[in-house]
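The values are calculated or read from the model by the stated rules, or taken from the named source; none is laboratory data. Since we're looking at a predicted model, the values are computed, not measured. We place every Cβ from the backbone using ideal geometry, glycine too, and count neighbours over all the protein chains shown.
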Amino acid sequence: MDVTRFTRPVPTDLMKYALRLFESAGSGEMPGSHIPRPDPDMGSGFALTNIPINRGMMAIVRETRHLDEVQQQSLMSRVMHFGQALDGAASDPRLQAHVREEGDGVMVSEEFVEACAQCDFDTSNNDLRLSIDSIAALIADKPAT
């Protein structure tokens, strides 16, 4: 499978916007973000459940319909793998200033989010994830803000 259509860089402001959309819809704070129950009269088929990841991704799809298909798919792929990048960064000394636990949450620098919009993907081991090495290289020597 050619993964290049899912792994292209996206504009940093678009990545920041998508992450805010995802969080707002996923938490149920975004008006209209709940996924309605399917109408039983519609017959059989598949329906998305009203869970945070589905609400978040549907909000991104809904709000980025103006993008071309490849850019939208790349954006969604980067948002879907952002959590894995956070996990990897938390244990990487090169990124500790950019991703750190604080109170009940995780503080993430603007530079880290911007790097996640532009970084390479790691496709080793038949896996697809944002490359921690690429993220670290993009923000090397930048102070966390």
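Per-structure values
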| read-out | value |
| --- | --- |
| Helices (runs of 4 or more DSSP H) enclosed by region 26-145 - at least 2 residues per element that are modelled with pLDDT of 95 or more and not charged (D, E, K, R) | 69-80, 82-90, 110-118, 132-138 |
| Considering residues of region 17-41 that are among the hydroxyl-bearing types (Ser, Thr, Tyr) and surrounded by 13 or more Cβ atoms within 10 Å (Cβ to Cβ) only, the residue nearest to Ser109 (Cα to Cα) | Tyr17 |
| Condition check for Gly32: closer than 19 Å to Glu63 by Cβ and in contact (Cβ under 8 Å) with a residue 24 or more places away in the chain | no |
| Index of the failed condition, Met58 passing every other in (1) free of Cβ contacts under 8 Å to residues at least 40 places away in the same chain; (2) over 25 Å from Thr7 (Cα atoms); (3) of a type outside the set (Phe, Trp, Tyr) | (2) |
| Count of region 80-102 residues which are polar (S, T, N, Q) and surrounded by 14 or more Cβ atoms within 10 Å (Cβ to Cβ) | 1 |
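To keep it simple, each residue is scored yes or no on (1) acidic (Asp, Glu); (2) free of Cβ contacts under 8 Å to residues at least 60 places away in the same chain; (3) farther than 15 Å from Asp13 by Cα.
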{"residue": "Leu67", "(1), (2), (3)": "no, yes, no"}
{"residue": "Ala97", "(1), (2), (3)": "no, yes, yes"}
{"residue": "Glu102", "(1), (2), (3)": "yes, yes, yes"}
{"residue": "Glu114", "(1), (2), (3)": "yes, no, no"}
{"residue": "Phe121", "(1), (2), (3)": "no, no, yes"}
{"residue": "Asn125", "(1), (2), (3)": "no, yes, yes"}
{"residue": "Ser131", "(1), (2), (3)": "no, yes, yes"}
{"residue": "Ala140", "(1), (2), (3)": "no, yes, yes"}
